[in-house]
Amino acid sequence: MTSLSTRLKGRSELGVAALLGAVGALVLFDAARLVVPYSQSDPVGPKALPIIVGSLLLVCAVMLAVNVLRGGHGEAEAGEDIDLSHPADWRTILPLAGAFIANILLIDWAGWVISGTVLFWGSVWALGSRHYVRDGLIALALALLTFYGFYLGLGIALPAGLLEGIL
Amino acid sequence: MDILSSLMDGFATALTPMNLLYALIGVLLGTAVGVLPGIGPAMTVALLLPVAMVLEPTSAFIMFAGIYYGGMYGGSTTSILLNTPGESSSVITAIEGNRMAKAGKAAQALATAAIGSFVAGTIGTALLVVFTPIVVEFAVSLGSPSYFAIMVLALLAVTAVLGASRLRGFASLGLGLAIGLVGIDSVSGQRRLTFGQPLLADGLDIVVIAVAIFAVGEALWVAAHLRRTPLQIIPVGRPWMGKQDWKRSWKPWLRGTAFGFPFGALPAGGAEIPTFLSYVTEKRLSKHPEEFGKGAIEGVAGPEAANNAAAAGTLTPMLALGLPTNATAAVMLAAFTQFGIQPGPLLFENEGPLVWALIASLFIGNTLLLLVNLPLAPVWAKLLRLPRPYLYAGILFFATLGAYSVNLQAFDLVILLVVGALGFMMRRFGLPVLPLILGLILGPRIEKQLRQTLQLSAGDVSGLWSEPIAVVVYIIVALVLAWPLLFKAWRRMRPRTAVAVGGGTVAAGPAAGGPTAERPTAERTTAVSPGQAAAADGKTTDANTADATPANHGQEKS
């Protein structure tokens, strides 16, 4: 038991294998549900590719799990602004995701100008800027500019929401 | 087909004031996103797709062409001034160019990169003009079995050859193919993976998926590991080169072009291998080998030319066969489909004026890049100082806007977040992004070819290898797949090299015993060595040097 738990420690990558397995099983399950009468004009049918893809995912899931348990690991992606020496900073990601979700909930009801402002302002705050007023003004300006830019320039009417009639 | 007159017609279309303006916008936008960390040309094209739908297709593609070449140019500016390469093909530039910049020769490094890019891009585009019609002539004679085989080759080659881990590449490919399955099957009318959701019946929009994987995934990933200490940016004036620099640069430019174009045109050549080959060649041929690792101008000129020539080469299979081999080409292919244009060998016949205008605009874009960017280099350097909270908040803002404006439904934003989380996970655990995007875009087309093939052969499996080209392609596929086994056999025969090779690959040790072995290929292992050499030579072995090793496993910046 202890050997199992030490082997599992730091193996969060097994979650990836689990996800691959789940998606693979889902694809196969969905393919099994399809009922296809044999037809001369389409001998392959809609089932063939899902079965191949599902099997590929299941095989990858198993092989990845084996690879990870044997000590293999994927290299995290590097980049200009990325500092891999500290662990993932969830205090940045969660508020960022929160701002994103707030936008999804608000966009149809309150309109793009409000939800976009919330999205940008919230994201900037989550990423560490503390110039509340300046950030708010930039966010509002961006949201207004894109709203009118899309409407006048592209003919795409983003939702006006609560501000309908004012904008 | 008279190529020259078609090309001249293309120039006539591309040189109208409006189209020139779009080319200029594309070039500036492309350079800006190439310079900025976190965003790249593929994502920019994806974000602009909904906006571009109101344009003429020709104008849209002229703009995309500018973004494509501009992004390549901007990437080299960043790696010279920052020493942290944004894409794997700029790794070499980062090593040598940054050493030059630190030695006070930033202007010359930028100049040789810019002029070399122009030379390579122009020659590469000329080669594209010569070779693409030949490939098309050959390609129109091919039937479904050959196409099916070629597409399988492209998918497997990109998955198996590029990137650090074949296993993780295939996992990514599987995910992409699965996403591509969602929606109503066009032949049988059956709903696949829709779970009774009417919103999923039309399938997942490629724009939404591409923006989610590239933009949202990247922004979340960077946010999790944001560098809190400001990067050291080397100040720069206007790029220029002395007589001696010209003398030392022009041969590497030409040799780099010769390496880059063929690799770019191959299904899985990529830009990484030719830049490295060019670097090694220049080091061997140089009269100043002692300068390498300390800022030799040849080491910037050659790889930069190779990088840009590869970018031009990539467009050959894209235009002639409808086969994308890098992320930007894949998104451009998706754009063709959105405009209702069928990609493939008939593209030249059906959409001749558009394709030739696109090719002409590549020449124009290249020239614009040189004219505009030499004086603008200090401005781009300033762009690097943009506060990161604004940059990444802006990426999320425009990603949301772009994805929402496709269908104006909030449901797409939910997809954007979920797939963005997937993109985050892939970056965390080293799953390459490119196979997913190619699987998503090529998956439906592969299925169509497969069904046509077996329809023609009335369900007989032997129909798959009924054409000689198909047989040849399957043999290449087998070789690509068997490559690690062959490599292992070769290593067993030469145990001494095995030690040297094994030492360079981090994950090879524990994994090499089973079929799940990490791919310890010669290219990858050796690609690390210039970085190590630079680290050993350099007197200022700061923390940044470690970043210059190619840690982003074959992914280009999206």
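What to note about this one:
- Of all the criteria given as (1) under 19 Å from B:ILE67 (Cβ atoms); (2) buried (at least 24 other Cβ atoms within 10 Å of the Cβ); (3) hydrophobic (A, V, I, L, M, F, W, C), the one not satisfied by B:ILE297 is (1).
- Taking the criterion of being part of a loop (DSSP other than H, G, I, E, B) and either within 21 Å of B:LEU413 (Cα to Cα) or more than 8 Å from chain B (Cβ to nearest Cβ) (or both), the residues of the range A:104-154 that qualify are A:GLY111, A:LEU127, A:ARG130, A:HIS131.
Residue-by-condition table, conditions (1) small (Gly, Ala, Ser); (2) within 19 Å of the chain's Cα centre (by Cα):
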residue: A:GLU77; (1), (2): no, yes
residue: A:ASP81; (1), (2): no, no
residue: A:SER85; (1), (2): yes, no
residue: A:ALA88; (1), (2): yes, yes
residue: A:ALA97; (1), (2): yes, yes
residue: A:ALA102; (1), (2): yes, yes
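Rundown of residues vs (1) touching a Leu at 6+ places or on another chain (Cβ under 6 Å); (2) within 10 Å of another protein chain (Cβ to nearest Cβ); (3) farther than 27 Å from B:GLY75 by Cα, yes/no style:
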| site | (1), (2), (3) |
| --- | --- |
| B:LEU384 | no, yes, no |
| B:PRO387 | no, yes, no |
| B:ALA403 | yes, no, no |
| B:LEU413 | no, yes, yes |
| B:LEU417 | no, yes, yes |
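- Among the residues of the range B:1-33, those that are in contact (Cβ under 8 Å) with a residue 60 or more places away in the chain and not hydrophobic (A, V, I, L, M, F, W, C) comprise B:SER6, B:ASP9, B:GLY10, B:THR13, B:ASN19, B:GLY26, B:THR31.
- Residues of the range B:173-188 classified as small (Gly, Ala, Ser) and more than 9 Å from chain A (Cβ to nearest Cβ), total: 3
Residues checked against (1) modelled with pLDDT under 95; (2) surrounded by fewer than 21 Cβ atoms within 10 Å (Cβ to Cβ); (3) among the β-branched types (Val, Ile, Thr); (4) in contact with a Lys or Arg (Cβ under 7 Å, 6 or more places away or on another chain):
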{"position": "B:PHE148", "(1), (2), (3), (4)": "yes, no, no, no"}
{"position": "B:VAL152", "(1), (2), (3), (4)": "yes, yes, yes, no"}
{"position": "B:LEU155", "(1), (2), (3), (4)": "yes, no, no, no"}
{"position": "B:ILE184", "(1), (2), (3), (4)": "yes, yes, yes, yes"}
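- Among the candidates A:ALA65, A:ALA32, residue that is more than 8 Å from chain B (Cβ to nearest Cβ), outside any loop (DSSP other than H, G, I, E, B), closer than 22 Å to A:GLU13 by Cβ and not hydroxyl-bearing (Ser, Thr, Tyr): A:ALA65
- Test: B:GLY423 is under 17 Å from B:LEU226 (Cβ atoms), in contact with a helix residue (DSSP H, G or I) (Cβ under 6 Å, 6 or more places away or on another chain) and more than 7 Å from every other protein chain (Cβ to nearest Cβ): yes
- Tally of residues being of a type in the set (Phe, Trp, Tyr) and more than 18 Å from B:GLU349 (Cβ to Cβ) across the range B:129-163: 1
- A:GLY74 meets the conditions (1) at the interface with chain B (Cβ under 7 Å from one of its Cβ atoms); (2) in contact with a helix residue (DSSP H, G or I) (Cβ under 8 Å, 6 or more places away or on another chain); (3) part of a helix (DSSP H, G or I) in every case but one. The failed one is (3).
The values are calculated or read from the model by the stated rules, or taken from the named source; none is laboratory data. Since the model is a prediction, treat every value here as computed from it, not as a measurement. All Cβ positions, even for glycine, are placed from backbone atoms using ideal geometry, and neighbour counts span all protein chains on display.
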